[in-house]
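The values are calculated or read from the model by the stated rules, or taken from the named source; none is laboratory data. All of these numbers come straight from a predicted model, not from anything done at the bench. Heads up, the Cβs are rebuilt from the backbone with ideal geometry, glycines too, and the neighbour counts pull from every protein chain shown.
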Amino acid sequence: MKQLLVRSEVCVGCKSCELACAVAHSQSKTLIGAFLEPVRPKKRVFVETDGRINFPLQCRQCSDRPCVHACMAGAMHLDPTTGLVQVNPEKCVGCWMCVMVCPFGAITEGPSHQAVKCDRCRELDYEPACVSACPTKALQWVDVDHFAAVGRRSWVDHLKEANHHA
């Protein structure tokens, strides 16, 4: 199973992922069209920074799913086919319980005052627009085992380099 994983050490904070996300969730699906829409589309990824470290943040698909448990209307739900937490905007009553319990602050208010969050680009056959837009590959849509193997390899390379300079 693929997950949306982040390599914050290569994120430059360009926010291309935020723009691509908003365009992917627009009616027109084009950059110019999205800006011309009467209700601007909402991004579902947020690049946070402290001036030194940049971190693209979106729904982390928590295994305990606090947003699903807190949603009194049943708008937040687990999609049995994909195993992903999704939002049914027609059921959302805007109580914001999901926002209050999300440990990552990854849920925001949509254009019609309903909750919106990363849906892994469901309409794009689960090929996240943020991943495609990231120039440094800080965002990756990969198998968890592959991501972990790449991380282990980078630490070996880092140690090799440190020993070489010592």
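Brief remarks on what is shown
- Taken together, V116, V87, V68, V142 contain a single residue that is surrounded by 14 or more Cβ atoms within 10 Å (Cβ to Cβ), in contact with a strand residue (DSSP E or B) (Cβ under 9 Å, 6 or more places away or on another chain) and modelled with pLDDT under 95, which is V142.
- Filtering C71, C95, C102, C130 for residues that are touching a Leu at 6+ places or on another chain (Cβ under 8 Å) and of a type outside the set (K, R) leaves a single hit, C130.
- Here G74 meets the list (1) in contact with a helix residue (DSSP H, G or I) (Cβ under 8 Å, 6 or more places away or on another chain); (2) closer than 20 Å to G105 by Cα almost entirely, failing just condition (1).
- Condition check for C59: closer than 24 Å to D143 by Cβ, crowded, with 20+ Cβ neighbours inside 10 Å and at pLDDT 95 or above: yes
- Of all residues in the range 17-65, those satisfying the criterion of being in contact with a strand residue (DSSP E or B) (Cβ under 6 Å, 6 or more places away or on another chain) and of a type in the set (V, I, T) are V45, V47.
- Each residue in the range 28-42 was checked for being without any contact (Cβ under 8 Å) to a residue 60 or more places away in the chain and of a type outside the set (A, V, I, L, M, F, W, C), and 6 of them qualify.
- Comparison of C130, C98 shows that the only residue that is within 19 Å of C17 (Cα to Cα) and surrounded by 14 or more Cβ atoms within 10 Å (Cβ to Cβ) is C130.
- From the list A115, A129, the one residue that fits, being small (G, A, S) and touching a residue at least 60 places away in the same chain (Cβ under 8 Å), is A129.
- Residue-level check: of (1) in a loop (DSSP other than H, G, I, E, B); (2) more than 21 Å from V12 (Cα to Cα); (3) not polar (S, T, N, Q), F104 misses just (2).
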